[in-house]
Every structure is written in structure tokens, then in C-alpha cells.
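Written below as C-alpha cells is the structure these notes are about.
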């Protein structure tokens, strides 16, 4: 019986350890998932940012780029692209902008989160400069033209002729206030 | 600490304590199994009442009985209570009762923990059900509690829901640890792994699934808790998180969870069919391997619940084919059951009727599952009543029928009395007819595009919904017969033999009926 008790305790230790590891694994899925999306370019997250290497301009085809601006719920700003769609040769640096206007009576901070469809195109859309790299602060009644500088990689697969780039604008004023109260920023790094 | 040794020694000479403390302090696997089963029955009736209120509202198009928000609370609570409160505790109860009897063990390996894992449940579910009476109402975001519905837009009671899930998770994990320790360490001499009854095998594999995924569920609700109260942004896009992450983590738990609810059912049916076909189970080893393969595959198919979130083609194909692969081991099982019956001397007592209905109706549910696995077709089926029809076919005439089959099969062993066969059959036929009237029309309205979880619907769905509602009330009310049959079996003395069923084989049928409070204090020798 005493020996059985020992065996039971040994087995229980292993099983409890196993369930604790699985609890940890649940949380490990969060970075794993980000890493997986980074590597594969799934989920429409634009992973290539910053200065572009000079590229061969592919004049043989034109890509149709559609621009969409969406307000997250409870975001009162006016937010729209200056042009809804544009055509551009791959490898050529394109420039456009989005307009934002704060109609409320208070200072507000916003963060734009981009998404690319089809997801397959995400890794070929390189943003050289984007308003989504930074938080946007607008005073009451202030408006701003927020620039976007990008280039489409000529390696883009042949069958993709249209890319949709969508920005969702989030009001992060309450979160910022909360994190100032706590004395530390509480937000995870943006995956732009 | 209540060790197994102390439990066996002290209670050996005393028998059960008297009064309420018997149930509060008990470490006896039979007492705890009984409590699990009663708890599960109460939850089944409660969840059933919620289902009936849903069907009553859906009897006609338009809003009749309840506000949409209350309807959403009903669908959410019905799902949570049936999954975590009715089906899972019923299987744990059956395991508590039968696993030690089947392997010749005197009790569960960790009797004190066994007591604890049961007594957490009433508290967890009191907390969960109490949210119905809170300001803002109960959780209303569906039993899958997708973020941000369950975080940003959740009622305040969501915190109680989160802690209830934590508690039932702890209960399940402790129960699983106990079952694994019992099966691995307490088998009678000569009871090798490949001689284990299939119910024991399926529960062993289920217990490993529980240990692997219940902590992930605890993790995902913890992330929700942190998002809601501590300003993190796991699932909040504004803070750099991603709501789709929720679905991935949830279904990483959720898909193994659906096998947790069906593998013990396979085990029960694999015990019952050989008994009433009076033949040995066909393909014992292949049954064991099929169960293990299903358990393994359950970890690599989770995203078939989320074909429409915008996965890349490669992902859709992977999850489509891996899901279809599950049909292979499941098919092995179904063919083995049929082969067991082939040329058997079959009789059709109530447990066998439920087991046969299980085989037929579960297979229908499996086939609609295959249809849902086809990624391109799933875009049409997604979130429609077709999905509702599919998972109710595998869970009601699947898991629930197997539990009822097991209850009728083992009830004479537990009580020492035979249940009333005529009443048992009446219960079966009313349930069988009711279940099909309820869920079969849902396939049609689902294919025609009726979305799930909506309190109102377009007029063209009216007739089928009225039919489904009638069936639901037939099925729901006929469960009162189950309650009657169980109570009658306990109270009316119709003594039965130790073997109970002519074709029954296994250690559990060698002990007297009713099974004495202590069995196998001296381990039997298995040849």
C-alpha cells in the first residue's frame, strides 16, 4: 500500500505538471500566433515597413489599390481616404493620404490598425511611411491629412490584380489615460 | 490526508456514515459517482428548460415571449450548462462508479481529491446560474464566448462566468488526474492494458485530453479577465491584439472538448452492444487504436470551426483534409459495432435500444460533420441551423443517449433492482421520436439559410421551426420519464442477479447487486 501511495504521488506530480505546462502553452499561443503570422504573412498584417530597397519597376502591369477607412465603434472622428482607389506599377513608390477630423470637444488619441486583403498580398505591400506607425493626437475641431508612402513589390504573384488596404481607426484615449494612471504603458507592441 | 489505504481500512468496518455528512465528507467512489450523476441530471433538466424556452420563442416568427437579450442569455446558458454541467459530469460520474469496478480496484486512487473535485461543481454552477439574476443579465455571447462580444461588449456578470469556468476546469482536471492514476496504478493483477474494458480505455484517453486542454480553456478565460479588468489587449485590436486569436485559442481547447464529450460515449456503447448481441466486441484492438487516433487528430483540426475568418487557402485545405481524416477511425468504430451485432443473438432491452439509436443517429451527425468539413461548402453552412442540427445530432442522440444507455445498463447494478422495462422502452421511443422531430428539420432550415442564435426568423422558415418546437417539447417532457424510472428503480424492490444481463461479461458483474459499499478490498485475479 505504501508503495502504491508513492507511485500515485509520482504520477500525480507528473500530471499536475502537465496541466500547468498546458496552462502556460495557452499563453504561449499568443506570441506563437504572432510569430506564425509574421513568418507566413497571414492575417493581412503588413510586416514590411521602413525604407525600401530600390526595386525594378514593372511597367508591364498595373495594380489596383483600393483604400478603405473604417471607424471602430464609438470612434467619433471623421476618417476617409483622399482617393478611394488608385492604380500603380509594382516597384514604383506611391503616395496618398487619409483625412482625419476630430469633431468632439476634447483632445483625443487614435491608433489606426491596417489590414490587407487578399492576405497573400500582405507581404508584398511595403509601407515606407505610414500614419499608422504612430498614435495620432487631434485637438478639438482639428483636422489633419495623414500621409501614406508605400511600394508594391514586383514579386507580387501574377494573379493578384487588386489589393485592398483597410485602416480601422481606434479611439485609444481611455486606454492611454488608464495606463498613465497605472504609471506604465499597458499596451502590447503594435504589429504593423 | 485521506489516503486510499485509510479510506479502505476505516470504512471497511463501518459502512457509510449517516445523514448529510455521508455525502459531504464521503471519499467512496460509489457515493461520489452517485452525486455526480444526480448533479448532472439536475443540470440536464435545467439546461433543458432553457432549451424549451428557446424553442417556445422560435415556435413562430416574430418576438413573442422574450426580449432578444434574454434569448441570447438562454442560448448561452443552455450551451454552457449542457456541456459543462450535464454531459461532462455524467461521464465523470459513470467513470467514478464503473472504472474501479471494471478494473478490480477497491476505490479511486485519490479518494479525498475525488470528493473535492465533485464538491467544487455545485459552487461553480451556482455562481454561473446566479448571473441570470444580476444587473445586466447573464452572459449573452454564446457558449463559445467569442471576443470582443465576451470582453468589450460583455455584461458585467462575465467576471462571474470566468470564475465559474475556472472552477469547473479545476474540477475536471482533478477528476481526470484521479481517473488516470486509478487506471494506471490500481488494476487488478492480470488486468493488462489490452484487457481493459473499452469504457476504461476511452476514459483513459479522455482524461489525457482533459489534462491537455482544460488548462488552455483556463488560460483563455484568464486572458479575457485581464483584457476586461487589467487593461491588457490580448483580443483588442486597438491595443495591438487580435480577436481572431481568441478563436484560435478557444478552438484549440474546443475541438478536443467535443471528443471529451463523445469518447466515453463510444466506450459505453462498446460495453453494451456485445452484451445484448451476446458476442465478443469485434475488433477490440482496432477500437483502442481508433480512439487514440481520434484523440490525436482532435488537436490538429481546430480551425475547421473558423473557415470563414479569412484563412489562406493552404490553411483551409489543411484543416479540411485533417478533419476528413477523422472519419476513418470513426468509421472503424461504427463498422466494428455493426460487425459485433452481425449474427449475434440480439435482444432489445432499453440500454440496447439507446445504444442502437446512438450508432445510427451519431453516424448521421458524423456525416453532416463531414459536409461541414468541406471548406468551400462551409461558407454556406457557417453559423446556420445546419451547424445546430449537426452538433445536436452528435451530442443529444450521441453523448446524451449513450449516458442514458449506460444509466439503464448499470442501474440494476447500482440499486440492486431492475427498472421497469416497459417504462424504459416508452422513455426510449418518446426520446427517439422527439429528438428526430426536433433536430432533423434544422438541417433543412439551415441549408436554406436560417442563422443560429437569432430570436426571430424569416417567414419561410416558420413551418419547420414549429415542427422542431413540437419535437423539442416531446423530447423535453419525456425526460420526466427518465426521472420517474430512476426513482422507481431505487424504490421498488425487484431484485436482480449479480450478472443482471444474460450476456454481460466483466468484473463489474461479478460483485453482488446492489454493489456493496466496498468492493474488491482484495484484488480479484484476472485470467
With region B:226-314 as the region, which helices (runs of 4 or more DSSP H) entirely inside it contain at least 2 residues that are modelled with pLDDT under 95 and within 14 Å of chain A (Cβ to nearest Cβ)? B:243-260
Among residues of region B:192-207, those that are surrounded by fewer than 22 Cβ atoms within 10 Å (Cβ to Cβ) and outside any helix (DSSP H, G or I), counted: 2
Suppose we filter region A:93-126 for residues that are more than 23 Å from residue A:171 (Cβ to Cβ) and either over 19 Å from the mean Cα position of the chain (by Cα) or outside the structural domain of residue A:172 (by TED's automatic domain parsing) (or both); how many remain? 3
Just a yes or no: is a residue in region B:108-120 surrounded by fewer than 24 Cβ atoms within 10 Å (Cβ to Cβ) and free of Cβ contacts under 8 Å to residues at least 60 places away in the same chain? yes
Of the conditions (1) under 22 Å from residue B:409 (Cα atoms); (2) under 20 Å from the mean Cα position of the chain (by Cα), residue B:338 fails just one. Which one is it? (2)
Filter region B:223-236 for residues that are free of Cβ contacts under 8 Å to residues at least 12 places away in the same chain and buried (at least 18 other Cβ atoms within 10 Å of the Cβ); the one that is farthest from residue B:527 (Cα to Cα) is B:231
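Output the residues belonging to region B:182-191 that are surrounded by fewer than 24 Cβ atoms within 10 Å (Cβ to Cβ) and within 12 Å of another protein chain (Cβ to nearest Cβ). Talk me through it step by step, then tell me what you get.
Applying the first criterion (surrounded by fewer than 24 Cβ atoms within 10 Å (Cβ to Cβ)) to region B:182-191 yields B:184-191.
Once the filter is applied, which keeps residues that are surrounded by fewer than 24 Cβ atoms within 10 Å (Cβ to Cβ) and within 12 Å of another protein chain (Cβ to nearest Cβ), region B:182-191 yields B:184, B:185, B:186, B:187.
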Residue set B:210, B:217; condition touching a residue at least 12 places away in the same chain (Cβ under 8 Å), over 18 Å from residue B:234 (Cβ atoms), surrounded by 23 or more Cβ atoms within 10 Å (Cβ to Cβ) and within 14 Å of chain A (Cβ to nearest Cβ); output residue B:210
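Yes or no, residue by residue, for (1) modelled with pLDDT under 80; (2) touching a strand residue (DSSP E or B) at 6+ places or on another chain (Cβ under 7 Å); (3) farther than 16 Å from residue B:237 by Cα:
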{"position": "A:106", "(1), (2), (3)": "no, no, yes"}
{"position": "A:114", "(1), (2), (3)": "no, yes, no"}
{"position": "A:134", "(1), (2), (3)": "no, no, no"}
{"position": "A:154", "(1), (2), (3)": "no, no, yes"}
{"position": "A:162", "(1), (2), (3)": "no, yes, yes"}
{"position": "A:174", "(1), (2), (3)": "yes, no, no"}
{"position": "A:188", "(1), (2), (3)": "yes, no, no"}
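The values are calculated or read from the model by the stated rules, or taken from the named source; none is laboratory data. Here the structure is a predicted model, which means the values were calculated and not measured. When we count neighbours, we look across all protein chains shown, and the Cβ atoms used for this are built from the backbone with ideal geometry, even at glycine.
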